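Below is one structure; the comments refer to it alone.
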Amino acid sequence: MSKKFYITTPLYYINDVPHIGHSYTNVAADVLARYKRLAGEDVFFLTGTDEHGQKIEQAAKERGETPQQLADRVVQNFKGLWSRLNISNDDFIRTTEQRHKKAVTAFFLKLYENGAIYRGKYEGWYCIPCETYCPKGQVEDQKCPACGRQLEWLEEDGYFFRMSAYADKLLDYLDANPEFIMPENRRQEIVNIIKGGLKDLSISRSTFDWGIPLPISDKNEIIYVWFDALINYITAAGYSEDNERFEKLWPADVHVVGKDILKFHTIIWPTMLMAAGLKLPVMVAAHGWWTVEGKKMSKSSGNAVSPDDIISQVGVDGYRYFLLKAVPFGQDGDFSNTALIRQVNSSLANDLGNLVSRTIAMVNKYFEGNVPAAQEAQEGDNPLKETALRIIPEVDKSMCRLEFHNSLISIWELIGECNRYIDKTAPWVLFKEGRIAELGNVLYNLLESIRFVTILVSPFIPGIAETIWTHLGMEEPLCEQRLSDLEWGKLPESGRIIPPAEPIYARIQE
Ligand code: MSP
């Protein structure tokens, strides 16, 4: 039986249209999901929408809609964009679905039964856009320390989750599992917060009603939106519904999140799971934030970059490639159209596109499209084979650490090596001099390297990879390839190449 791999994205609030920041999280998670499928793992990839809470209720009111109408309308923007971006999620969860309400109710009752929930009083500064209380010591001028917006003073008489009781256990877990928080430099930040002392968490609301009703209250109270939303990760795995499935899927292998919501996933969520007696996720990976010309992207400042505008300019694969190559996962990045076009022209049109077109054109010209025979190489005699075999473990290591840009750098080393190999071996000279066996060998090595490149880049640029695969004339579909197929010499010598009618990736005009 193959190893399971359960990967999630955050659930997106439906008061906003998706911008490049949102799409970054989903593209990164998609690339990892596709890579794990390539590695032969049994992948379950979950994304979805976060539809409850005060923020959504307010947004609906402003538009003269019910919150459910707003959610039903906006969720289509997310689903549509994910499909255009080739996101290969296996499930899409909405927190207003019945299956989720059932799981949240069961989870709440479990914690209540375990004595982890009690009734009490709380007052403090609340940030509606972040849907969270802010520690009193950090509040200045009634502004949210995280997003800078106006806070509201709330006094609640309601239910609390005994989060403080799990601080030591959580620190022990972080200690014993150094890879729980990625990248490593974010770990200390979380450790400091926990060491600074955890407060119990207010998990019921009574001043508005767009949420899941509290199962133990007759006072029209609802469950706090973050407490509700985090549970989605177990709802979709079958919690309280399908034990066998839940046992197989849980815990999640990686929650991919933005740095702004790392705290919720590495403090609130694990303590909730501890209180329920459930296993903790293996890894929470936090990426940085995208800004535009140094400024935070937002609808109100009108500077949110629309993914569809970029897609119409550089295509889906150009967009996916740029997002993961331009900024190392974990770091912040500033979006620039000039950098976008420069990057895709140089990497996709020049390096990769030219390699494929030149090689295919030569196989066509010199061998009428037939894959030529390879020659036995002496040890150390085939630089392409050496590079191809060297980069496989490098790519794997980078992928498992979500260092996507490093994986791309490794793959592009092979592409660069191939382009240099063409210049060095000068196949046109070999042809002129009648050295046909040598020429065949050179072209076989190039085609075989392109097969390696195509399989390895397929998680990043699935559309382009599919096109190259077709031109290589491969019989087995690309989606059935596995990393184990990356054995040198597997390209059948009897194959036929199909010359492309147009470039694999056309240069974009600046
Ligand atoms: N609904 C919560 C998550 C609940 S998960 C159980 C939420 N939603 S969100 O829509 O505000 O953000 C979703 C994701 O988008 C987060 O990972 C966030 O980091 C990411 N991004 C939103 N804007 C972003 C940028 N400008 N840049 C990069 N990612 C950003 O939080």
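Listed values, structure above:
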item	result
Among the candidates Arg358, Arg320, residue that is buried (at least 20 other Cβ atoms within 10 Å of the Cβ) and charged (D, E, K, R)	Arg320
First in the stretch 219-242 and among the hydroxyl-bearing types (Ser, Thr, Tyr), second anywhere and within 9 Å of the ligand (Cβ to nearest atom) and not in a loop (DSSP other than H, G, I, E, B), Cβ under 6 Å, 6 or more apart	Tyr233/Thr8
Residue match in the stretch 417-429 (condition: among the aliphatic types (A, V, I, L, M), over 30 Å from Phe5 (Cβ atoms) and surrounded by fewer than 16 Cβ atoms within 10 Å (Cβ to Cβ))	yes
Any pair with Cβ under 6 angstrom, 6 or more apart, that starts in the stretch 43-54 at a residue that is more than 9 Å from the ligand (Cβ to nearest atom) and ends at one that is of a type in the set (Asp, Glu) and modelled with pLDDT of 95 or more	Phe44/Asp90; Phe45/Asp90; Leu46/Asp91; His52/Asp228
Any chance Ser164 is farther than 30 Å from Ser301 by Cβ, of a type in the set (Gly, Ala, Ser) and surrounded by fewer than 19 Cβ atoms within 10 Å (Cβ to Cβ)	yes
Residue in the stretch 143-162 that is out of contact with any strand residue (DSSP E or B) (no Cβ under 6 Å at 6 or more places or on another chain), modelled with pLDDT of 90 or more and not acidic (Asp, Glu) present	yes
Glu179 being part of a loop (DSSP other than H, G, I, E, B), more than 25 Å from Tyr13 (Cα to Cα) and acidic (Asp, Glu)	yes
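Each row is one residue, and each column tells you yes or no for (1) crowded, with 18+ Cβ neighbours inside 10 Å; (2) farther than 19 Å from Phe44 by Cα; (3) more than 13 Å from the ligand (Cβ to nearest atom); (4) within 21 Å of the chain's Cα centre (by Cα).
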site	(1), (2), (3), (4)
Leu201	yes, yes, yes, no
Thr207	no, yes, yes, no
Leu214	yes, yes, yes, no
Ile222	yes, yes, yes, no
Met274	yes, yes, yes, no
Val284	yes, no, no, yes
Trp289	no, yes, no, yes
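Yes/no per residue for (1) touching a helix residue (DSSP H, G or I) at 6+ places or on another chain (Cβ under 7 Å); (2) within 25 Å of Ile497 (Cα to Cα):
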| position | (1), (2) |
| --- | --- |
| Ile310 | yes, no |
| Leu323 | yes, no |
| Ala326 | yes, no |
| Gln331 | no, no |
| Thr338 | no, no |
| Gln343 | yes, no |
| Leu352 | yes, yes |
| Leu355 | yes, yes |
| Val363 | yes, yes |
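Per-residue answers, yes or no, for (1) within 9 Å of the ligand (Cβ to nearest atom); (2) surrounded by 24 or more Cβ atoms within 10 Å (Cβ to Cβ):
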site	(1), (2)
Lys4	no, no
Pro10	yes, yes
Asn15	yes, no
His19	yes, no
Asp30	no, yes
Arg37	no, no
Glu41	no, no
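The values are calculated or read from the model by the stated rules, or taken from the named source; none is laboratory data. Because the structure is a prediction, the values reported are computed rather than measured. A quick note on method: Cβ atoms are made from the backbone with ideal geometry, for glycine too, and the neighbour counts reach across all protein chains shown.
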